[in-house]
Amino acid sequence: MSRRLEGKTAIITGGTSGIGEATAELFVKEGARVIIAGRSEEKGQGIADRLGEAAIYTYADVTNEKDLQKLVELAVEHFGRLDCLFNNAGGPAQATLEHVTKDDFDLAMNLLLGSCIFAMKYAVPVMKKQGSGSIINTSSIAALRSGQGAILYSAAKAALTHLTRLLGVELGPFGIRVNSISPGAIATPIFWGGSEKANTLSAEENARKMEKLKKSLSKATPVPRSGFPEDIAYAALYLASDEGSFVNCQDLVVDGGRTAIFCEPG
């Protein structure tokens with residue numbers, strides 16, 4: 001049986017937990033060589049060791065442009081090409097309008113939007129030279145509806161979804177497709193502070209929180225279960241593979257139908 005990403009190289013930011021970790025595992029299973037990027041060094045190296053020689057972990061702070069440049073350089077130096085950039089790193093941005101600070105704003109925009117822009121800045125010239133590439137941005141249903149996230153998070157994700165469309169039009173003639181995925185209620189540690197917070201808790205405490213979260217999220221969609229990181233990983237696999245070669249400028253919503261039933265207030 002052929003593997004769907006055979007011979008392809010991918011960078012996955014936010015690759016040390018949740019959606020990123022699940023995608024790295026699936027991509028390697030499907031034949032890809034993967035650069036796993038994140039700030040959790042022990043966990044990232046553990047994932048790379050488990051996945052074998054097809055995976056490399058490297059530390060990267062996606063709010064640092066130089067780290068993003070080094071990611072792309074590493075992919076080319078080690079694997080010779082870059083076929084997929086999965087801009088998946090993110091985190092909560094919870095400030096309300098009346099209490100938001102300039103630091104809150106800068107962090108949210110740099111993490112959720114700027115990181116994608118600067119990663120693409122360095123990936124695109126490589127892909128143009130190859131004449132092909134797939135860029136996938138993790139957006140959110142918070143970009144589509146109110147009540148699905150805090151204002152800064154939602155605004156940044158809305159900007160990212162629109163940027164995806166703009167760049168898909170601009171880069172399509174070079175053989176580069178740009179799409180986004182908007183997850184719904186996916187059970188990951190972001191709901192209790194992100195991977196950094198999860199790393200401070202015991203395995204038992206994280207497991208307890210996860211089971212509670214799954215039970216809660218299972219009530220949020222017509223499909224009677226929570227979403228899982230693997231659900232997003234399979235969407236990314238389709239967009240990264242040749243099967244998705246005619247898909248461009250799209251936002252793929254993976255939410256179990258949540259946005260179809262959600263009603264605006266009033």
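The values are calculated or read from the model by the stated rules, or taken from the named source; none is laboratory data. Quantities reported herein were computed from a predicted structural model and do not represent experimental measurements. Here Cβ is always computed from backbone atoms with ideal geometry, including for glycine, and neighbour counts include all displayed protein chains.
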For the range 1-32, which positions are of a type in the set (Lys, Arg) and crowded, with 24+ Cβ neighbours inside 10 Å?
LYS8
Go through GLY133, GLY193, GLY168 for me and flag whichever is at pLDDT below 90 and either within 30 Å of ALA260 (Cα to Cα) or touching a strand residue (DSSP E or B) at 6+ places or on another chain (Cβ under 8 Å) (or both).
GLY193
Residue hits (the range 1-60; small (Gly, Ala, Ser) and assigned to a loop (DSSP other than H, G, I, E, B)) are SER2, GLY7, GLY14, GLY15, SER17, GLY31, ALA32, SER40, GLY52, ALA54, ALA60
If we keep only residues of the range 45-84 that are under 28 Å from GLU243 (Cβ atoms) and of a type in the set (Asp, Glu), then the residue surrounded by the most Cβ atoms within 10 Å (Cβ to Cβ) is ASP83
Matching residues in the range 67-95 - criterion: being out of contact with any helix residue (DSSP H, G or I) (no Cβ under 7 Å at 6 or more places or on another chain) and either free of Cβ contacts under 8 Å to residues at least 60 places away in the same chain or of a type in the set (Val, Ile, Thr) (or both)
ASP67, LYS70, GLU73, LEU74, GLU77, HIS78, GLN94
Residue check, GLU42 in contact (Cβ under 8 Å) with a residue 60 or more places away in the chain and surrounded by fewer than 22 Cβ atoms within 10 Å (Cβ to Cβ):
no
Starting from residues that are over 11 Å from THR63 (Cβ atoms) and either among the hydroxyl-bearing types (Ser, Thr, Tyr) or not in a helix (DSSP H, G or I) (or both), keep the ones in the range 91-117 and report whichever is modelled with the lowest pLDDT.
PRO92
